[in-house]
1. Based on what the data block shows, is Glu132 among the charged types (D, E, K, R), more than 23 Å from the chain's Cα centre (by Cα) and assigned to a helix (DSSP H, G or I)?
2. Quick one: which of Leu205, Leu192, Leu151, Leu186 is at pLDDT below 95 and of a type in the set (A, V, I, L, M)?
3. Is it the case that the stretch 143-157 has a residue that's surrounded by fewer than 19 Cβ atoms within 10 Å (Cβ to Cβ) and touching a residue at least 60 places away in the same chain (Cβ under 8 Å)?
4. What do you reckon, is Val170 of a type in the set (Val, Ile, Thr) and not in a helix (DSSP H, G or I)?
5. Out of Gly85, Gly90, Gly53, Gly26, report the one residue that is more than 25 Å from Asn203 (Cβ to Cβ) and either modelled with pLDDT under 95 or touching a helix residue (DSSP H, G or I) at 6+ places or on another chain (Cβ under 9 Å) (or both).
6. Which members of the stretch 76-114 meet the condition of being surrounded by 15 or more Cβ atoms within 10 Å (Cβ to Cβ) and either charged (D, E, K, R) or on the phi > 0 side of the Ramachandran plot (or both)?
7. Checking the condition in contact (Cβ under 8 Å) with a residue 24 or more places away in the chain and outside any helix (DSSP H, G or I), which residue from Tyr180, Tyr113 passes?
8. Looking only at the stretch 126-141, filter to residues that are in contact (Cβ under 8 Å) with a residue 40 or more places away in the chain and surrounded by fewer than 19 Cβ atoms within 10 Å (Cβ to Cβ); which one of those is nearest to Ser7 (Cα to Cα)?
Amino acid sequence: MTANTASAIAAQFPEFDKALHHYFPGALPLPKYMSRTAKALSKYGFEEENTMGMIAICRDEQTDPLYEAVVRYWGKTFNCCSLAGFVTMGKTGLAAATAHTPIQNGLRRFVFYAMPHIAISRNGDIGLIYREGVETPSHACGALETIVEELAAGHLNLETDMQDIEQTIVRQKILSQLRYGDQVNLIDLTKLASTIIATDVRNLLSRLDTTVFHYAVIHGIQIHGPFESQWVYPVNFFIVGQQFGEEPYPLDTFTKGEPIAAQVSGKPDAE
């Protein structure tokens, strides 16, 4: 999707454009978002030849354009995906991923994209998406929409279901951040999911030796629009490595976005 295509979609579907920029101010077309992150990282030594991609997004096939864009910019990419984009790979998964990163002059680099997703229809309806070959609309993110519906109905299954372990994890993590009686919509829950994912990624990566590993973490919300257009709402973007200082170093690439309460500094949560 080019800038001209994005402008055309915004002009053709004003209700979509209104909803997009009302709820996600500063959202960018996916190609522009990817270009900006890659350009910013190149100034700090991250290039396709010495860097591996990692990505944690929802399993939904509608998120494929983001995965494909990460591969296009960074080459070989480790799949960290799960329902709703939650990070369930754990220490073993991280060990496998980092062991695959290239080594150059004693350093190993990777770029970690992590985000949930949401759809906005041409009419500005939140969460509705039309899929090829399916006449009726469905939801994105379906895993989060299910929790919204459960909260509205006042009926939540809190048991650990080994036949549905990913949804169990998503539900438990979401509920741990809500107060009793909270009623939330899909936008609220998607932004909360982004915050939880950011914290989980920060805690997971905190065990890495920053004298060996230099890495970037890129948080946002992937948004599906009309005609399979793809957008990203920037949240946080920072790099970590000994030469960048003791704390995560934020990159001020996006100035219009509204940062969600995902912290990029301070000590990781206690395990």
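1. no
2. Only one candidate passes the filter, namely Leu151.
3. no
4. Judged against the criteria, Val170 is not a match.
5. The match here is Gly26.
6. Within the stretch 76-114, Ala84, Gly85, Arg108, Arg109 qualify.
7. Just a single option satisfies the conditions, and that option is Tyr113.
8. This residue is Ile126.
The values are calculated or read from the model by the stated rules, or taken from the named source; none is laboratory data. Bear in mind that the values here come from a model prediction, so they are computed numbers and not experimental data. Because the Cβ atoms are built from the backbone with ideal geometry, glycine has one as well, and the counts that use them run over all protein chains shown.
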